[in-house]
1. Name the one entry in Thr101, Thr115 that is part of a loop (DSSP other than H, G, I, E, B) and either more than 20 Å from the chain's Cα centre (by Cα) or of a type in the set (Asp, Glu) (or both).
2. Does any residue of the stretch 123-137 turn out to be more than 18 Å from Asp200 (Cα to Cα), outside any loop (DSSP other than H, G, I, E, B) and modelled with pLDDT under 95?
3. Within the stretch 174-216, take every residue that is closer than 14 Å to Arg151 by Cβ and of a type in the set (A, V, I, L, M, F, W, C) and give me the one that is farthest from the chain's Cα centre (by Cα).
4. Report, by residue number, each residue of the stretch 145-178 that is β-branched (Val, Ile, Thr) and closer than 13 Å to Trp63 by Cα.
5. Could you count how many residues in the stretch 156-176 are among the basic types (Lys, Arg) and under 15 Å from Trp190 (Cβ atoms)?
6. Output the residues belonging to the stretch 158-173 that are without any contact (Cβ under 8 Å) to a residue 24 or more places away in the chain and either of a type in the set (Gly, Ala, Ser) or not in a helix (DSSP H, G or I) (or both).
7. Of all the residues that make up the stretch 119-164, how many are crowded, with 18+ Cβ neighbours inside 10 Å and of a type in the set (Gly, Ala, Ser)?
8. Is at least one residue of the stretch 14-36 modelled with pLDDT under 55 and among the basic types (Lys, Arg)?
Amino acid sequence: MAGSARRLPGVAKKEAADEGVHGASTGDGDDLPALPATSWAVLGLLSFGEELSGYDLKKWSDWSLRFFYWSPSFSQIYSELKRLEKAGFASSRLVAQGTGTRDKRVYRITDEGMTAVRRWAREAPVDPPVLKHGPMLRLWLGHLLEPDQMREVLARHREFAEKMRRRAVADVEGSKDEAAWAYPTLTLKWAERYYASERDLADAMLSDIEELERGKGA
């Protein structure tokens, strides 16, 4: 597939990233099922080769996916796992635990699942990010707010962005020595830079508001 990207049959444009449904064709008439992008994300977590429980998958998604795509609930994780098992892309088994403890169900990607997620990653169109930015919407409505209210919105956003940046930095440190996570680590570095830019944009907007208010008072 090198050198050419094409629109694949069964691919519907999605209104939002977590509602997208993607299908793909091998080129020989063998179509992938039309799964939501969240299914492919969970299958992608399994593609690293680990046998994982739903709890493990939730932890892994909070470590990586939450920074740029999706922070699923446990119910969403298990719903996607059932969907993947039905498609034949994942299998599960019960693992006995200690006395008095319920057996744990763990999941592993199948050969068919690995083939499918590899083809999806290579062939499915990459949707542009959908920006839904609450602070920007509030800034757009700034004429309805007192200046101090707008400053508070931006200050809270700056605090959030810096918190996320620091967490991304910490997660990079925790993963950088794991060879299998080289690309997820790069993605975390992207998240670190993204949230740094959000922090800096909030600072710039605070300065712009000060300048705007000075102009009104002139």
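The values are calculated or read from the model by the stated rules, or taken from the named source; none is laboratory data. Remember, predicted model here, so these are calculated numbers, not experimental data. Neighbour counts run over all protein chains shown; Cβ positions are idealised from the backbone, glycine included.
1. After applying the criteria, what remains is Thr101.
2. Yes, the conditions are met somewhere in the stretch 123-137.
3. Looking at residues that are closer than 14 Å to Arg151 by Cβ and of a type in the set (A, V, I, L, M, F, W, C), I get Leu212.
4. Val169, Val172
5. Adding up the residues that qualify gives 3.
6. Ala170
7. Counting residues in the stretch 119-164 that are crowded, with 18+ Cβ neighbours inside 10 Å and of a type in the set (Gly, Ala, Ser) gives 2.
8. Looking through the stretch 14-36, at least one residue is modelled with pLDDT under 55 and among the basic types (Lys, Arg).
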